[in-house]
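First comes the structure, then the notes that go with it.
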Amino acid sequence: MDRECVSLLPSVCEVLADSGRSLPDDTSLEKLLDWFTGLTKAGGSQLEACPCLLEFISAVVGNTASDPGVLSFALKLTGLLAATEDGFKMLQERSVLDLVFNHQRWQEAGLWEDPCLRIGWIQGLKSMLQHPKALSFFVKSDFIEPLLQLQTDSSLFVASAANQMLAHILLFFQRVSSAGCNGVNKKKDDRRTQTSITDLEHPAATVDTIAEYTAVLVAITGYLKESLVPKENLHQSLQILKLLSMLLAQAGPPLWDKLLQTVGDSLEELVTVSCNQLTLPLMDVILAAHSSGTGEHVSDQRVSRLLSSMLNINKQSDLIHAAAAFLRRGHHDTVHTARAVRILLLPLDIISGKTLLGTNTTDEHRFSMVEQLKSKTSCISIICVCLTNTPQITLMPSDVLPCPPDLIVTAVLSLLRICSGISSSAGCSEACRNLIGSGKVQKCALEALTTLNNSPGVKEKINDVFTVLIQYLDNPDSDPTVLHKSYQVLVKWTSVCTELSFITEQLKQDLVEVVKKRVCDMRWEVRDSTVEFLGHLAGVHVFLKSPGEVRDACEALLGGCCTTPLLREALQDTESYVRASAISALAKTQAHSWQQGERLSQEETEIVSRLLEILSQDTEGFSRRAVVQYFIAWFSSCSSNSPPSSSTSLQMQCVRSVLSQGSADLDWEVKVHTLELAELLLDEAFSAHRGYRKCSDTHQALSHPYGVVSDQAYTPHTHTGSRTKGVESDLARVLNNLVEQGVFSALLSGLVDCDRPVGLKACRLLITLRDTVCPLSLGALDATTATVSCELPSWSWGQEIRKILGKRKSDEARGQRSFSGAEEVDSEDCRVMKEACSVSVCEVLRSLSLDERLGVLTQSSDHVHNSPLSLLQDILTASAAHTHSDTQQAGQEVIVDCY
């Protein structure tokens, strides 16, 4: 523990023990507990290092007038300190444990009614129960009975904590029950106990410990047996089923067998009760037992019978959920899997009229399922569950599937037609009426169809899929979300079925017409989805008549003459989301021509001009971000080996404009993207330079721009050896080009930006540039690169950079004059600040203290503020503010760092 923290802890304990003193925020106690938990896991005795903790606990629990929150904290802290045998012994000798965990005392004081205290009691005991001595204390104190009562506590948090506590006791100490036992199936034992919470660290369990664990096991299993079948309280049965699910998933053979022997009859009774609220929790228990069983024992066979019973219950809605739960677990039990598949396909069979279950078989549940489907609420719920599981079903082995996967796709398409009212069905007409206009079923069916394209043998269905989807897109009643999902399905199926000979010319023409219609829809969400669709489609490559002839799907399905004009028109849309999507889509549609180095058409040149207008004039950040990303994509796609052309010339002109406007944008994401473009230009410029190392190679990208950065030291890249005059001259030429393109100005602008991600990115790129053109290991500046200069504007970022350079020069001048005895420096400072705007690039790179600046930028604020020391200081500050609040003037407030 930090020495400063140790010195502050007594004062903090005093504040906490005084219930009248305030805390900086309501999470302070939880933060303190997290800190102590970390210290306990790290090892060492906290009681020896901080004797004040023992005094604090004694003072708090001895005063029944203490705040319940602080009391709860004291109980949890006591459990943590008693988690080691040495800590337990010290607390036991001081009679602290008996005082802290005496629940009857808390009841008599009227404090037990507060759920905060009950939570503290449970979690404190759970933390303590890490060794046999703690188990002995638990048993001798008769704590098992109140813990069982808390299973049905009115507070869900308390009941859940009690559940976790019982599971912890049985699983943590389960090894003692098999200590010294012979004849246990070792292989099965290893498999089942590998997920146990932990193993006892003691070489052998004592007879007393085994007896104590057995007593706890008997008490808990007896309670489970008596309380599992609901008499009046369903909540109690739910809690017990959750507990059993946890136990059976992790229990070793002795405990696993004991649990099933004890509660097996009750589980069978629950299956016959058919209570829909218990179906899924009961299925979780059976599946947990089924997963850990091996089929070798009587108990395993009982689990198999229970599973069969669950897959044959009479209530159809519960039966559907039970079958879905079984498939979600991913079991490979052929008999039960085949049964679950038939259950889930039955509703689709009934409504679609397709023979999914075969023509020569009758399902005993068909009649009752038809009756369930006649109720609208029940029908929609059942169908949605079935649709959610159809993609998994179609991937099943053929010995499990009752029909080919393509027939299931046909049934889903039939369902979509019924929902939109396009057609009726040969199935149950009453059930079909319940589905007409149901957006929920439409979305579920489309989501299923999105994944069904991976099923074997379904590619030939692409024509049918396109027909239904185009009908949906053309339907004026289609919801925007449904239209969006329809577009997604189209792209998905096109990306898998890359040979588009199945799609007729009429369907292609219908698709063109519906896209033209939807891109002008009154609803901006629909326009946005349509424009996005065009971009995604352009990214899919398909084969035409010969395998060697490849085009993007957008050109193959819609024709190039249709796509670009629609997207160009969308650049004028009133909604910024649509404009941004149109820009992104244009980049995807033009990617192929960029890669081939084709000359820009007049239309493409006009698009570029329009994009520059958007970057300089658009009021929304979404559009401006998309513009910069467009130019990044353009620059990235062009080959560095392609000969210069008019397109290249235009590209370089645009780059200068984008860097200038993007680095001055108000949106920080636009500025970061602008720096990404600058990075591409750096990589391109120095691609042939042997000593250049890309910034991305030395610095891992952040997952989130404002996330905490790893505290890794930056090691400047140095060059060794001599450089020829030709290399120096080439470096100077490259550096001069970067200055003219505006790359250097963009980097300097980003360096002094107020947004941390921008400054961080710019600083790293400047270090990369510095280490390439004027490495520190060479000492003096190269003669050629030293001549390269840039202009610093007298406003904005230029003024900030000049201040930094001026301060450095001023400090150097002040040091020289101080050495010579001069005292007046103000006039010299002013002179330095008013120097000419033209500066040497290498001199600037060396004078900005980039490594120190990077160190500051990579430090998150948490480095200073989010620490145990800061937390302790906050508690003391808040306490002092509370104590002296009467002496403060009205309106005066003490600000505390409540991170």
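Here are the numbers:
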item: V468 vs. criteria assigned to a helix (DSSP H, G or I), buried (at least 18 other Cβ atoms within 10 Å of the Cβ) and either within 34 Å of the chain's Cα centre (by Cα) or on the phi > 0 side of the Ramachandran plot (or both); result: no
item: Selection from segment 586-606 of residues that are touching a Ser or Thr at 6+ places or on another chain (Cβ under 8 Å), part of a helix (DSSP H, G or I) and of a type in the set (A, V, I, L, M, F, W, C); result: L586, A591, W594
item: Options S639, S649; residue that is in a loop (DSSP other than H, G, I, E, B), farther than 25 Å from V578 by Cα and modelled with pLDDT under 95; result: S639
item: Pairs with Cβ under 7 Å, 6+ apart, first in segment 131-142 and among the hydroxyl-bearing types (S, T, Y), second modelled with pLDDT under 95 and surrounded by fewer than 19 Cβ atoms within 10 Å (Cβ to Cβ); result: S136/D208
item: Of the criteria (1) touching a helix residue (DSSP H, G or I) at 6+ places or on another chain (Cβ under 8 Å); (2) surrounded by fewer than 22 Cβ atoms within 10 Å (Cβ to Cβ), which one L557 fails; result: (2)
item: Subset of segment 122-156 [among the basic types (K, R) and in contact with a Lys or Arg (Cβ under 8 Å, 6 or more places away or on another chain)]; result: K133
item: Residue match in segment 738-755 (condition: outside any helix (DSSP H, G or I) and either touching a Leu at 6+ places or on another chain (Cβ under 8 Å) or open to solvent by less than 10 Å² (accessible area, probe 1.4 Å) (or both)); result: yes
item: Flag if L387 is over 13 Å from P347 (Cβ atoms), under 35 Å from the mean Cα position of the chain (by Cα), surrounded by 14 or more Cβ atoms within 10 Å (Cβ to Cβ) and at pLDDT 90 or above; result: no
item: Pair list, Cβ < 9 Å and 6+ apart or interchain, from segment 107-121 residues that are open to solvent by 50 Å² or more (accessible area, probe 1.4 Å) to residues that are part of a helix (DSSP H, G or I) and of a type in the set (V, I, T); result: P115/V158
item: Of the criteria (1) open to solvent by less than 10 Å² (accessible area, probe 1.4 Å); (2) of a type outside the set (S, T, Y); (3) at positive phi, which one G330 fails; result: (1)
item: Qualifying residues in segment 122-151 (those that are open to solvent by 20 Å² or more (accessible area, probe 1.4 Å) and aliphatic (A, V, I, L, M)) - the one nearest to the chain's Cα centre (by Cα); result: I144
item: Test result for S368, open to solvent by 30 Å² or more (accessible area, probe 1.4 Å) and either in contact (Cβ under 8 Å) with a residue 40 or more places away in the chain or part of a helix (DSSP H, G or I) (or both); result: yes
item: Selection count where residues are polar (S, T, N, Q) and at pLDDT below 80, scope segment 542-574; result: 1
item: Single residue of S381, S424, S429, S375 found to be farther than 29 Å from S291 by Cα, of a type in the set (S, T, Y), open to solvent by 40 Å² or more (accessible area, probe 1.4 Å) and modelled with pLDDT of 90 or more; result: S375
item: Single residue of segment 475-502 satisfying the filter (open to solvent by 10 Å² or more (accessible area, probe 1.4 Å) and of a type in the set (A, V, I, L, M, F, W, C)) that is nearest to the chain's Cα centre (by Cα); result: V491
item: Residue match in segment 864-880 (condition: farther than 21 Å from C763 by Cα, outside any helix (DSSP H, G or I), modelled with pLDDT of 75 or more and of a type in the set (G, A, S)); result: yes
item: Residue among G120, G124, G110 that is in contact with a Pro (Cβ under 9 Å, 6 or more places away or on another chain) and among the small types (G, A, S); result: G120
item: Residue in segment 22-29 that is surrounded by fewer than 21 Cβ atoms within 10 Å (Cβ to Cβ), farther than 19 Å from F138 by Cβ and in contact with a His (Cβ under 8 Å, 6 or more places away or on another chain) present; result: yes
item: Flag for L346 being open to solvent by less than 10 Å² (accessible area, probe 1.4 Å), assigned to a loop (DSSP other than H, G, I, E, B) and either free of Cβ contacts under 8 Å to residues at least 40 places away in the same chain or not polar (S, T, N, Q) (or both); result: no
item: Candidate set from segment 723-745 (those that are of a type in the set (S, T, Y) and under 17 Å from A688 (Cα atoms)); member that is modelled with the lowest pLDDT; result: T724
item: All positions within segment 652-685 that are of a type in the set (D, E, K, R), assigned to a helix (DSSP H, G or I) and touching a residue at least 40 places away in the same chain (Cβ under 8 Å); result: R656, E669, K671, E676, E679, E684
item: Of all residues making up segment 598-623, the number that are within 13 Å of W634 (Cα to Cα), open to solvent by 50 Å² or more (accessible area, probe 1.4 Å) and within 37 Å of the chain's Cα centre (by Cα); result: 0
item: Which numbered condition Y577 fails, given (1) within 27 Å of T481 (Cβ to Cβ); (2) modelled with pLDDT under 90; result: (2)
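The values are calculated or read from the model by the stated rules, or taken from the named source; none is laboratory data. Everything numeric in this text was worked out from a predicted model, so none of it was measured. Positions of Cβ are backbone-derived with ideal geometry, glycine not excepted, and every protein chain shown enters the neighbour counts. SASA here: full protein model, heavy atoms, side chains in, ligands and nucleic acids out. Shrake-Rupley method; radii C 1.70, N 1.55, O 1.52, S 1.80 Å.
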